[in-house]
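The next block holds one structure in the form of structure tokens; read it before the comments.
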Amino acid sequence: MLLNRKQSGKRWHLRPDGAPKVTGQLQYLTDMTLPDMIHGRVLRSEYPYARLLSIDTSEAEALEGVYAVLTSKDVPGLNRFGIATPDQPVFCEDIVRYVGDAIAAVAADSPERAALALDAIRVVYEELTPLNSTDAALAPGAPELHEHGPGNVLHRTEIKRGDAEQAFATCDHIVTETYYTPRQMHAYMETEGGLFVPDEEGRLNVYAATQHGYKDRMQLARIIGCPEEDIRVVSSPIGGSFGGKDELNVQPYGALLALRCGRPVKMHNSRKESVRAGLKRHPMKIEMQTGMSREGIIHAHRVRITADTGAYATLGAPVLNFCTEHCLGPYAIPNVDVEGVSVYTNNGVSGEFRGFGGNQAIFGMEGQMDRLAEIMNMDPWEFRRRNMREKNDPGPLNQRILVTDGLSQVWEALDRSELWQKHQSPPADPALPPWIKRGVGAAIAMHGAGLGYGIPDPAGGRLSLNNEGKIEVAFSYEEFGQGLVATLEIMLCDLFQCSTSDLSIIIGDTDRVPHSGSSTASRSTTMAWMALQRLQTPFRSRALAVASEMSDIPADELVTGPGGIWRKGQLPADTSEVETDVQKTGKSEKAERTEVAEIVAGGTESAQIAESYSGVSQYQAKLEAPSDFVVSYAELAMQGEADEWIFDTKFDYPTTPDNVVGGHYLYTYAAVAAEVEVNTLTGETKLLDTRHVVAAGPVINPMGYIGQIEGGSVMALGFTLTEDAVMQDSRYVTTNLDTYLIPTIRDIHTNLEVEAIEDLPEGDSFGPRGIGEIGSVALAPAITAAIHQATGVRVNRLPVQREQLVRPLNVPLQEGVSPS
Amino acid sequence: MSKPLENHWTAVVNGEQKHLEIAQTTRLVDVLRTHLQLTGTKVSCEVGRCGACMVLIDGEPVNSCLVMAYQCEGSDITTIEGLHGEEKGTLHPIQQAFVEEGGFQCGYCTPGMVISTKALLDAHPEPSQDQIETGLCGNLCRCTGYGGIIRAVRKAGERCALTETSTEETVS
């Protein structure tokens, strides 16, 4: 189904956080203030690699208005953090390993005074020569950046199948290429920060963005040396993350300063500090050798991945696992020899980023496919089909995966598309000047969801009828913009035929939600859906049984509906659907305005403090509640004890039964075609048209789905054409958004179509798959294939270097004009 | 430490006369966010690139991170909080269009984006694609890929044009 507003019909659901966002009423955690708050700042390293000889904070401490100056000796618990491998110091003790390393933190009565205090801290360094590349870090005799070596290797991966060496010897054609990918920056618009508030009971309230509040709480408790229960983490709403806020950033400093001062502390990184200290996508070098028979069947694939993980581990190892798994693509290759290494350097820290290592791998593998097809003089799409895994084949790591038709479906849908058909007869526009060249390319991908085999990936959730008579769900997921809250509303309205005003959605608050895992790895939608499948029956059974007792109507004649419990067959037709924009606009203009007034009024009232993201439900437009129900939810909630209305579930994200660490079980599939226009005088590439075909099961939230694919696609456009956080001698050269160039509205594809394939096998128990990453993983190779068709240049390094595409003007010269 | 210089600053902000005692070198974005608690104006790049802090000064869209208090003394400043429909407390047609078309995701760029759209539609009530791109290329969005934003701006343009027409009709 071509996904757009028109096709979506009644499922086009307005986000409950829409009005507060477009009016500026929504308070992000970095917008929060308290009257007696003070301001925290962090002193970061002057050098990418140095020994710390001394730190003198006395002058800073003596400054008027300075409340605290902290260094490593002020950390009561573990002076380390890191989601997987806690090797990043909160404050460096004797060595600094990158320019984002923290040495001290201050709290003062104004941001300006805090900055003065940072200047007054005297640090003496012994500068060391930074390991500014993976080559330097792997060179014999290179200093070891961490004690837990060997050498500077964080992690190694390996897949060996068949006998690649022997297979290569029998291959008729071999393509050898090395691919390079950039240090991409998340560039979320809201930089890291928040408010840290110690309360009278001795608890610490942390209002700071993360993708996993419970994990932050655990790490903070470890740093502070307190029980986890002494900390409350409120972590939504978030002004973008894309993986970049999954790791602790300002939280340790805000927390320690607040506890030391006994006052609320506000932290908010400047963009420059965010660039300097924040995570980036792993730059990778991927060497590939792929061999095939004269019939065009791939027999052997050799890959060597080198990832620059920077100064600290964070999720470098899982990212490399994912890249290793995905560098085989969705192809059946009998002889495989893959080795990956993730290397510590003194460069910026690389970590989690939308696509999670898949983007780099798919760029390489799809590039190989195009090069091989060219040797065969074969249509590259047909070449892919010949080598694609069969439906029942095992996954890339030879693990069992859930069988779906997704791969062949996206292949076929793209093959049929008008855009891809253009590839057969390269688009030429005689009206264009001769230096403008056009081409079309395509790529395909399978992308794993969830954390993978062997990594704890708990899920669950809570469904209850709260004492206000709202159907309440609580998850430890976060709303960082993806539309999770809207998706939950749709799911609940689908399940209970209720209206959005019957709902209370609670996320992003460790005091109020059960531990249901993180919002990451495209997992939240699937996990929420699976949790609600488990919870709906006990909830409904109790609701109907109690309503039956109250009304003397048999429970099997009752159903849930808007406002309460209804007799079967008497549900108002219009409200049995999710409340939609279509219904709203069906009303008079005046009526619409009245609704909006209510929205805004609710917003103003609740904008005082972001107690939790559940606040957004207050912005929801109020429908006229139908009143023909048998028993209202409010009346139901008064029956029995409150805890009898609470239902919990716990389970794990589905994993393959085979013992392959990191191996995935659920995959989504995508095919992308791209048409580009290259100006061979300037080397500029403009993306004209794209078509994304995505097979991820039923579309729950069309607006969110389109938004995620469009947003992922444009992020991938940046990855392909302009984005690179350039480092020179381990220092960032691109320090802000004026030199680090993300796409603007002028740079995007003027046409972008999304086609959703919703089929899942009959009886599939996993429901809709997440689509947060799939839109971003396959565009780069499609663009570079299109560039090849346009110019004949095979690109192997991202972002595309314009100078590679500049060509002398190949037109007959006018008489009397000679080339200079 | 000596007390910073204090200065009297006045301006009309969202239709209300404001008087503040602040250093005249205070950035407008800080005047708004810190002194007036108008946190709808967002702070992001602080070098005038991203547009998250966009406000209207005497009707012109300006990055408030680049303007000092003294530079807008006496001006008429409109922030996102000052934008509304026919009546206060209702959504402006631009805001309504952003909600309906999914012209936002995380929403952090949205106030600036809406303000720039207001300036765009004031200047070009029926903007061409090129005018939309020119009007909004100073506002970065990392979430939406701009698709929803473009659809929202087009719809808002239609709505605003419609409103203009009906107002004119009423007047005549």
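The values are calculated or read from the model by the stated rules, or taken from the named source; none is laboratory data. Treat the numbers as computed from the prediction; the structure is a model and nothing was measured. Using ideal geometry, Cβ is built from the backbone for each residue, glycine included, and neighbour counts are taken over all protein chains shown. Note: accessible area is taken over every heavy atom of the protein model, side chains too, but ligands, DNA and RNA are not part of it. Shrake-Rupley method; radii C 1.70, N 1.55, O 1.52, S 1.80 Å.
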What about A:Tyr98, is it among the aromatic types (Phe, Trp, Tyr), in a strand (DSSP E or B) and modelled with pLDDT of 95 or more? no
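Table: residues versus (1) hydrophobic (A, V, I, L, M, F, W, C); (2) touching a strand residue (DSSP E or B) at 6+ places or on another chain (Cβ under 6 Å); (3) touching a residue at least 60 places away in the same chain (Cβ under 8 Å).
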| site | (1), (2), (3) |
| --- | --- |
| A:Ile700 | yes, no, yes |
| A:Phe719 | yes, no, yes |
| A:Ala725 | yes, yes, yes |
| A:Val733 | yes, no, no |
| A:Glu755 | no, yes, yes |
Restricting to region A:639-653, what's the tally of residues that are part of a loop (DSSP other than H, G, I, E, B), open to solvent by 20 Å² or more (accessible area, probe 1.4 Å) and in contact (Cβ under 8 Å) with a residue 40 or more places away in the chain? 2
Could you list, ordered by first residue, the pairs with Cβ atoms under 8 Å in which the first is in region A:33-58 and farther than 25 Å from A:Arg263 by Cα and the second is among the polar types (S, T, N, Q), at least 6 apart or interchain? A:Pro48/A:Asn132; A:Pro48/A:Asn346; A:Pro48/A:Asn347; A:Pro48/A:Ser730; A:Tyr49/A:Thr129; A:Tyr49/A:Asn346; A:Tyr49/A:Ser730; A:Ile55/A:Thr71
Any residue at all in region B:63-71 that is within 11 Å of chain A (Cβ to nearest Cβ) and either part of a strand (DSSP E or B) or free of Cβ contacts under 8 Å to residues at least 60 places away in the same chain (or both)? yes
Checked A:Ala84, A:Ala120, A:Ala139 against criteria (surrounded by fewer than 20 Cβ atoms within 10 Å (Cβ to Cβ) and at pLDDT below 95); the one match is A:Ala84
Matching residues, region A:20-38, being within 14 Å of chain B (Cβ to nearest Cβ), farther than 30 Å from A:Asp502 by Cα and open to solvent by 10 Å² or more (accessible area, probe 1.4 Å): A:Thr33, A:Leu34, A:Pro35, A:Met37
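Looking at B:Val43, is it at the interface with chain A (Cβ under 8 Å from one of its Cβ atoms), over 15 Å from the mean Cα position of the chain (by Cα) and at negative phi?
So B:Val43 fails the test.
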Condition first: surrounded by 24 or more Cβ atoms within 10 Å (Cβ to Cβ), charged (D, E, K, R) and either out of contact with any Ser or Thr (no Cβ under 9 Å at 6 or more places or on another chain) or modelled with pLDDT of 95 or more (or both). Can you find one or more residues in region A:52-66 that meet it? no
Which helices (runs of 4 or more DSSP H) does region A:207-277 wholly contain that include 1 or more residues that are more than 19 Å from A:Met37 (Cβ to Cβ) and in contact with a Phe, Trp or Tyr (Cβ under 7 Å, 6 or more places away or on another chain)? A:213-224, A:271-277
Every pair of residues 6+ apart whose Cβ atoms lie under 9 Å, when the first sits in region A:62-90 and is within 14 Å of chain B (Cβ to nearest Cβ) while the second is polar (S, T, N, Q): A:Gly65/A:Ser110
A:Asp17 fails exactly one of (1) touching a Ser or Thr at 6+ places or on another chain (Cβ under 9 Å); (2) within 14 Å of chain B (Cβ to nearest Cβ), namely (1)
Those residues of region B:30-48 which are in a helix (DSSP H, G or I) and either of a type in the set (Val, Ile, Thr) or open to solvent by 20 Å² or more (accessible area, probe 1.4 Å) (or both) amount to B:Asp30, B:Val31, B:Arg33, B:Thr34, B:His35
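Only one residue in A:Leu145, A:Leu154 is open to solvent by less than 20 Å² (accessible area, probe 1.4 Å) and in contact (Cβ under 8 Å) with a residue 40 or more places away in the chain, so which one is that?
Details: A:Leu154 fails: open to solvent by less than 20 Å² (accessible area, probe 1.4 Å).
The conditions single out A:Leu145.
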Matching entry among A:Asp738, A:Asp689 (being within 14 Å of another protein chain (Cβ to nearest Cβ) and part of a loop (DSSP other than H, G, I, E, B)): A:Asp738
Filter region A:309-335 down to the residues that are surrounded by fewer than 24 Cβ atoms within 10 Å (Cβ to Cβ) and part of a strand (DSSP E or B) and list them by number. A:Tyr331, A:Asn335
Can you run down the residue pairs with Cβ atoms below 7 Å, 6 or more apart or on separate chains, where the first is in region A:360-382 and buried (at least 22 other Cβ atoms within 10 Å of the Cβ) and the partner is basic (Lys, Arg)? A:Met369/A:Arg384
Over 31 Å from the mean Cα position of the chain (by Cα) and surrounded by fewer than 18 Cβ atoms within 10 Å (Cβ to Cβ) - does that describe any residue in region A:185-200? yes
Could you list, in sequence order, all residues of region A:470-485 that are open to solvent by 10 Å² or more (accessible area, probe 1.4 Å), in a loop (DSSP other than H, G, I, E, B) and more than 14 Å from every other protein chain (Cβ to nearest Cβ)? A:Lys470
Criterion (under 16 Å from B:Ala11 (Cβ atoms) and more than 8 Å from every other protein chain (Cβ to nearest Cβ)) met by exactly one of B:Gly51, B:Gly82: B:Gly82
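Suppose the filter is of a type in the set (Ser, Thr, Tyr) and within 10 Å of chain B (Cβ to nearest Cβ); does A:Ser713 pass it? Show your work before the answer.
On the way: of a type in the set (Ser, Thr, Tyr): yes; within 10 Å of chain B (Cβ to nearest Cβ): yes.
Yes.
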Just one of the numbered conditions (1) surrounded by fewer than 24 Cβ atoms within 10 Å (Cβ to Cβ); (2) part of a strand (DSSP E or B); (3) in contact with a Phe, Trp or Tyr (Cβ under 9 Å, 6 or more places away or on another chain) is not true of A:Arg41; which one? (1)
I'm told A:Tyr453 meets every condition in (1) open to solvent by 10 Å² or more (accessible area, probe 1.4 Å); (2) within 14 Å of another protein chain (Cβ to nearest Cβ) except one. Can you identify the failing condition by its number? (2)
State all residues of region A:314-364 that are within 30 Å of A:Glu46 (Cβ to Cβ) and of a type in the set (Ser, Thr, Tyr); if no residue qualifies, say none. A:Thr314, A:Ser342, A:Tyr344, A:Thr345, A:Ser350
Test each condition in (1) in contact with an Asp or Glu (Cβ under 8 Å, 6 or more places away or on another chain); (2) modelled with pLDDT under 95 for B:Cys160 and report the one that comes out false. (1)
Members of region B:123-142 found to be more than 9 Å from chain A (Cβ to nearest Cβ) and either open to solvent by less than 20 Å² (accessible area, probe 1.4 Å) or within 12 Å of the chain's Cα centre (by Cα) (or both), listed by number: none
Could you pull out the residue among A:Gly450, A:Gly461, A:Gly441 that is at pLDDT below 95, within 28 Å of the chain's Cα centre (by Cα) and not hydrophobic (A, V, I, L, M, F, W, C)? A:Gly450
